[in-house]
Amino acid sequence: MHAALAMSQILLALLLPADDDNGASRWGDSWVAYGTHDGRRPGSAGSGRNGGGGGSLSNCHTIPGANGITYIQCDAGAAGQQNVFQGVVPGDPAAPTITPDMLMQEALRQLTPPAPTVATAPPRGRDGYVGLRHYFWAERDQWRSISKRATAGPVWAEVTATPTTLVFDPGAGQASISCKGPGTPYDQSRSPDSQTSNCWHSFTRSSAGLPGSQYTVTVSVVWTASWVGSGGAGGPLAPITTSATFLLRIAEGQALIQRSA
């Protein structure tokens with residue numbers, strides 16, 4: 001273990017906040033972990049030092065440091081109220097084991113799917129009308145899988161998220177519409193009834209009387225997520241949802257009635 005780590009319990013407890021989530025700080029030409037330093041291996045049971053609660057360590061992940069040192073940060077105590085750190089020095093046989101699952105958590109934190117960019121027809125900025133279809137679709141360059149990989153020596157994990165479902169929430173208590181896939185861009189050369197997209201909503205009342213006389217619409221993309229790692233590790237992860245909101249003005253269409261003489 002790096003020599004500076006032994007000093008962190010005494011000095012850094014006085015100089016640095018114990019609940020900081022950054023996990024490591026400069027100390028001369030090297031790095032030290034701070035918060036609570038505990039000699040236990042991640043996942044083992046016991047009581048934390050410096051007043052921390054007991055229980056197993058959880059939510060372990062790695063933090064890259066200088067000089068080839070990787071830090072393992074875990075939550076300690078029944079409620080995860082205390083941070084615990086260990087420094088992993090390359091080639092140290094006594095170093096704690098970094099698992100693919102720890103690196104999966106790190107890669108998942110780094111994976112940030114973008115907020116959806118959505119087009120509509122009629123386009124935003126122009127009024128839609130009660131009873132007419134309002135089409136929506138996601139921009140194609142966003143509808144692709146994204147991945148993040150985290151490594152520590154020979155151990156690695158990679159998380160992949162793939163957009164699968166587009167959800168349109170019209171607001172004002174109306175039911176949401178879900179579409180598999182990104183939707184189909186509206187074709188201005190064709191009539192509304194001949195459009196093939198199933199991503200559309202027909203407003204049943206105008207936006208008059210709503211704040212700003214507009215609907216607050218939320219569009220979300222649901223991403224399925226999974227991971228793979230060294231040693232055959234991997235599996236499905238909880239879906240990820242990204243959202244964006246915008247305003248739509250919906251007007252009442254005025255019918256023209258012609259009376260015969």
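Read-outs: derived from the displayed coordinates by stated rules, not from any lab. What you see is a predicted model, and the numbers here were worked out from it, not measured in a lab.
Tabulated data for the structure shown
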| item | result |
| --- | --- |
| Projected area, mean over directions - the range 181-230, Cα convex hull, nm² | 6.9 |
| Built amide H within the under 5 Å cut-off of H134, gap 5+ | H201, S202, F203 |
| From phi via Karplus (6.51, -1.76, 1.60), per-residue ³J(HN,Hα) for the range 226-240 in Hz, x at Gly/Pro | 8, 8, 9, x, 4, x, x, 6, x, x, x, 10, 5, x, 10 |
| All Cα pairs of the range 167-261, percent lying beyond 22 Å | 53 |
| Full-extension gain in nm, V130 to A251, via 0.36 nm per residue minus C-alpha separation | 42.9 nm |
